[in-house]
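The values are calculated or read from the model by the stated rules, or taken from the named source; none is laboratory data. In this text the structure is predicted, and so the values were computed from the model without any measurement. Don't worry about glycine lacking a Cβ; one is built from the backbone with ideal geometry, like all the others, and counts go over all protein chains shown. Surface accessibility is based on the protein's heavy atoms, side chains included, excluding ligands, DNA and RNA. Shrake-Rupley method; radii C 1.70, N 1.55, O 1.52, S 1.80 Å.
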Amino acid sequence: MKKFRNSIFIILAAALSLGAGDKDKKKSKKEAAVTCVVSGETVDKTEYASYKAGKVFFCCGGCKADFEDASTKFAVSANFQLVASGQYMQTSCPLSGRKLNPEKAVKVAGTDVTFCCGNCQGKTEKAEDKLAFIFADVAFDKGFIPVPEKSNTAKKGKSKKQSF
């Protein structure tokens, strides 16, 4: 009986520690996707600049200053960060501007990008620099928009539903 109880305890402890490790992995994956557009280092959420209809985050004030001096130089990284941080979402094909086909997708820097057809998907798969191909201003402006803000009514309704 003692061996059975000890075995159960060990199994429960292992399961709990594995679950905690999974949470840490998920968190670090999400944070790893959002890096400084200038240095590539981990971002500091206190250092940011307004860009398009969002915020671009930096690791330090020096990178922020570099970005503000030459934002077009960092446009591809900044556009990607807007998507990776959840401030922008894809609504149409970045190459054609047409309706998305969920069966035509490519991973670009760990982010799923969907296309209208196999032709656009194929062009992206063949591109040497997929990130620059999809997140350059021309393609980005065709395929991505700011995530709509929830209205105050929706926020109030949501908070009322959650508080029991």
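General remarks:
- Per atom type, segment 38-105 shows carbon and sulfur on 48% of its accessible surface, probed at 1.4 Å.
- Distant-in-sequence amide H partners of residue 47 (H built 1.01 Å from N, under 5 Å): 58
- Going by accessible surface with a 1.4 Å probe and the largest first, 141, 44 read 141, 44.
- Evaluating 6.51 cos²θ - 1.76 cosθ + 1.60 at θ = phi - 60° for every residue in segment 127-133, the Karplus couplings come out as 4, 5, 10, 4, 4, 5, 5 Hz, glycine and proline recorded as x.
- Shown in residue order for segment 102-110 are the 3J(HN,Hα) couplings computed by the Karplus curve 6.51 cos²θ - 1.76 cosθ + 1.60 at θ = phi - 60°: x, 7, 10, 9, 9, 7, 10, 6, x Hz (x for Gly and Pro).
- Over 30 Å (Cα to Cα) - which of 55/99; 45/142; 64/104 fall in this group: 64/104
- Area accessible to solvent at residue 64, 1.4 Å probe radius, in Å²: 60 Å²
- Take the Kirkwood radius over Cα pairs of segment 55-156, plug it into Stokes-Einstein at 20 °C and 1.002 mPa s, and you get 146 µm²/s for translational diffusion.
- Long-range HN-HN contacts of residue 108 with modeled amide H, under 5 Å: 113
- For GluC sites (Glu not before Pro), the sites in segment 38-114 that DSSP calls loop and that have at most 14 other Cβ atoms within 10 Å are 41.
- Long-range amide H partners of residue 91 with built H, under 5 Å: 144, 145
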